[in-house]
Amino acid sequence: MPNFNSNHYPYASRRSAVFARRGMVATSQPLAAQAGLQVLQAGGNAIDAAIAAAAALTVVEPTANGIGGDAFALIWHQGKLHGLNASGPAPMSISQQALSAAGHKSVPKYGALPVTVPGTPSAWAAMAERFGRLPLPRSMAGAIALAEQGFPVSPMVAVAWEQAYKNFTREFKESYFASWFDTFGIDGRAPRAGEIWKAPGHAATLSSIAADNAHSFYRGALAEKTAAFIRAAGGYMEQSDLANFRPQWVEPIRANYRGYDVWEIPPNGHGLVALLALNLLKGFDFSERDTVLTYHRQIEAIKLAYADGLAHIADQGHMRVSVEDMLSEAYADERRKLIGSHARLPSAGEPSRGGTVYLCTADEDGNMVSFIQSNYMGFGSGLVVPGTGIALHNRGNNFTLDADHPNCLAPGKRPYHTIIPGFLTRDGQAVGPFGVMGGFMQPQGHVQMVMNTVDFGLNPQASLDAPRWEWESGNKVSIEHATAEHLFRALGPAGLGHALSWSGNQLGFGRGQIIWRDQHGVLCGGTEPRTDGCVAAW
């Protein structure tokens with residue numbers, strides 16, 4: 001099991017790991033963590049607590065997620081790991097040909113065209129129905145109260161909100177964006193830190209979802225409003241697209257890393273990228289975390305893994321290579337040979353053919369949940385269904401319009417997806433959930449958290465405190481300011497050839513949560529120091 005007694009990481013120590021026995025909820029927002037903990041204390045399990053925290057996060061952190069986004073979960077229940085893919089497909093009437101004929105070279109970031117069917121409410125309903133102890137009205141009561149009564153905006157959310165408000169003020173001129181400003185503005189500006197923000201329309205929608213297990217959202221009045229609004233804004237969504245959607249229970253995929261099984265959701269998500277990188281890295285020995293060679297090999301492995309991921313990952317029925325072939329030992333051995341002594345530009349191989357919130361929960365019965373939901377790029381598409389608080393995501397932006405690519409836009413197809421929950425087991429027993437939100441940083445964060453735990457013996461809080469890096473493209477790598485300067489110099493153009501840049505943008509390196517359980521049932525949790533994170537424990 002991971003070492004719970006390790007010291008904080010010396011360069012970025014901010015807080016202590018949290019220990020408990022009866023339950024734990026780790027989120028990026030204290031009010032959401034408390035909503036989850038209250039559900040545990042009311043007799044709910046880790047699944048109910050995850051729903052409570054997730055619903056609350058759509059209220060208290062709208063800068064990163066919302067009712068109109070997608071979600072994924074890994075759920076450990078009664079000794080087995082279950083995967084849930086609640087990402088929605090493109091509308092049945094949209095096509096690559098239609099967008100190309102309209103002059104688009106790519107799917108736009110904003111507006112109605114990148115809106116795919118939102119999956120988040122279906123995830124809450126499916127989790128409650130299969131594994132929960134409490135009805136949705138009880139699990140979601142805390143979130144509804146926060147939206148109805150208001151809450152004081154937290155500091156980091158206020159910063160992101162102000163940035164988005166300024167950007168949207170510049171970008172959005174069409175009338176269909178007006179409901180975003182009506183919903184998320186106060187007196188023509190973003191709410192400030194500590195200022196009370198209320199969302200009555202959001203509260204009403206959450207109440208409706210809770211009352212009928214999201215039926216109205218997909219097949220009732222809310223679905224009718226949503227589809228009509230998207231079409232009026234120039235999109236392709238029909239009520240039938242919403243009515244026909246169902247989340248999918250899926251078999252998680254894994255890679256074994258030094259005796260630990262690291263689990264991810266299969267494609268269309270890109271958790272596969274993290275597993276590909278770990279398969280490469282397990283062929284090396286790492287005695288210390290903060291060495292030039294450790295950083296270099298990690299970066300090179302991620303570059304190779306992403307080259308494969310971006311070339312091959314798509315909605316699984318459209319992939320031209322199998323996950324099994326990509327994760328084979330033979331393929332890892334072949335790709336590992338490309339990691340040399342200097343940085344090199346990544347290229348995809350050919351295997352043999354055969355804006356986001358993350359939270360995790362645990363209860364005293366052994367159930368654990370790794371859950372992630374997102375509107376993408378912060379507030380998503382910029383569209384809010386008037387009067388409902390439903391901020392629609394823009395996941396369709398991840399499609400390509402290249403007709404020869406497996407991830408090309410097509411009717412009823414799910415896009416390449418960046419949000420990924422992670423889970424760790426050993427010898428068939430749960431160690432626990434982990435995740436690092438943040439677009440294309442996510443697989444990179446997963447690799448760094450696994451190695452911080454397994455190779456370097458850091459506890460959850462120390463793992464999250466440690467400085468991070470992010471590969472961007474080509475040989476470009478961004479490194480956090482807390483990284484030792486001698487590493488920066490040795491890895492750079494005059495050293496191993498990486499095009500490095502310092503970055504003080506804390507949110508750019510993702511935001512994570514971790515809960516590990518030891519053999520005695522003791523829970524140890526850590527939360528992200530780069531945002532308003534909180535571990536609520538019982």
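The values are calculated or read from the model by the stated rules, or taken from the named source; none is laboratory data. Because the structure is predicted, anything quoted here is derived from the model rather than measured. So basically every Cβ, Gly included, is an ideal-geometry build from the backbone, and we count neighbours across all protein chains shown. Just the protein is used for accessible areas: all its heavy atoms, side chains included, with ligands, DNA and RNA removed. Shrake-Rupley method; radii C 1.70, N 1.55, O 1.52, S 1.80 Å.
Condition first: closer than 24 Å to Ala64 by Cα and of a type in the set (Phe, Trp, Tyr). Can you find one or more residues in region 405-420 that meet it?
yes
Looking at (1) surrounded by fewer than 24 Cβ atoms within 10 Å (Cβ to Cβ); (2) at pLDDT 95 or above; (3) not hydroxyl-bearing (Ser, Thr, Tyr), which is the one condition that is false for Phe440?
(2)
Working only within region 44-94, note down all residues that are among the acidic types (Asp, Glu) and under 17 Å from Val384 (Cα atoms).
Result: Glu61, Asp70.
With respect to Glu300, determine if the residue is open to solvent by 10 Å² or more (accessible area, probe 1.4 Å) and either farther than 27 Å from Asp404 by Cα or in a helix (DSSP H, G or I) (or both).
No, not satisfied.
Please state which of the following conditions Gly497 fails to meet, knowing it meets all the rest: (1) modelled with pLDDT of 95 or more; (2) part of a loop (DSSP other than H, G, I, E, B); (3) open to solvent by less than 20 Å² (accessible area, probe 1.4 Å); (4) not aromatic (Phe, Trp, Tyr).
Only one criterion is unmet by Gly497, namely (3).
Determine whether Val535 is within 21 Å of the chain's Cα centre (by Cα) and assigned to a strand (DSSP E or B).
Criteria met by Val535.
If you check Gln34, Gln41, Gln96, which single one turns out to be modelled with pLDDT of 95 or more, open to solvent by 10 Å² or more (accessible area, probe 1.4 Å) and under 28 Å from Asp465 (Cα atoms)?
Criteria check complete, one pass: Gln34.
Check Ala101 against each of (1) out of contact with any helix residue (DSSP H, G or I) (no Cβ under 6 Å at 6 or more places or on another chain); (2) surrounded by 15 or more Cβ atoms within 10 Å (Cβ to Cβ); (3) modelled with pLDDT of 95 or more and name the one condition it does not meet.
So Ala101 meets the others, but not (2).
Which condition number in (1) assigned to a loop (DSSP other than H, G, I, E, B); (2) open to solvent by 10 Å² or more (accessible area, probe 1.4 Å) is the one that Asp241 fails?
(1)
Give the residue that is most open to solvent (accessible area, probe 1.4 Å), with candidates limited to residues of region 105-146 that are more than 20 Å from Thr388 (Cβ to Cβ) and within 19 Å of the chain's Cα centre (by Cα).
Within region 105-146, the match that is most open to solvent (accessible area, probe 1.4 Å) is Lys109.
Residue under question is Ala221, and the condition is that it be closer than 13 Å to Gly387 by Cα, open to solvent by 50 Å² or more (accessible area, probe 1.4 Å) and either touching a strand residue (DSSP E or B) at 6+ places or on another chain (Cβ under 7 Å) or at pLDDT 95 or above (or both); does it hold?
Spelling it out, Ala221 is indeed closer than 13 Å to Gly387 by Cα, open to solvent by 50 Å² or more (accessible area, probe 1.4 Å) and either touching a strand residue (DSSP E or B) at 6+ places or on another chain (Cβ under 7 Å) or at pLDDT 95 or above (or both).
Could you figure out which of (1) in a helix (DSSP H, G or I); (2) open to solvent by less than 50 Å² (accessible area, probe 1.4 Å); (3) out of contact with any strand residue (DSSP E or B) (no Cβ under 8 Å at 6 or more places or on another chain) isn't true of Leu272?
The failed condition is (3).
Which number in (1) within 15 Å of the chain's Cα centre (by Cα); (2) of a type outside the set (Asp, Glu); (3) in a strand (DSSP E or B) marks the one condition that Trp76 misses?
If we test Trp76 against (1) within 15 Å of the chain's Cα centre (by Cα); (2) of a type outside the set (Asp, Glu); (3) in a strand (DSSP E or B), just (1) comes out false.
Can you tell me which residues in region 191-231 are part of a helix (DSSP H, G or I), of a type in the set (Gly, Ala, Ser) and closer than 23 Å to Ala164 by Cβ?
Gly201, Ala203, listed by residue number.
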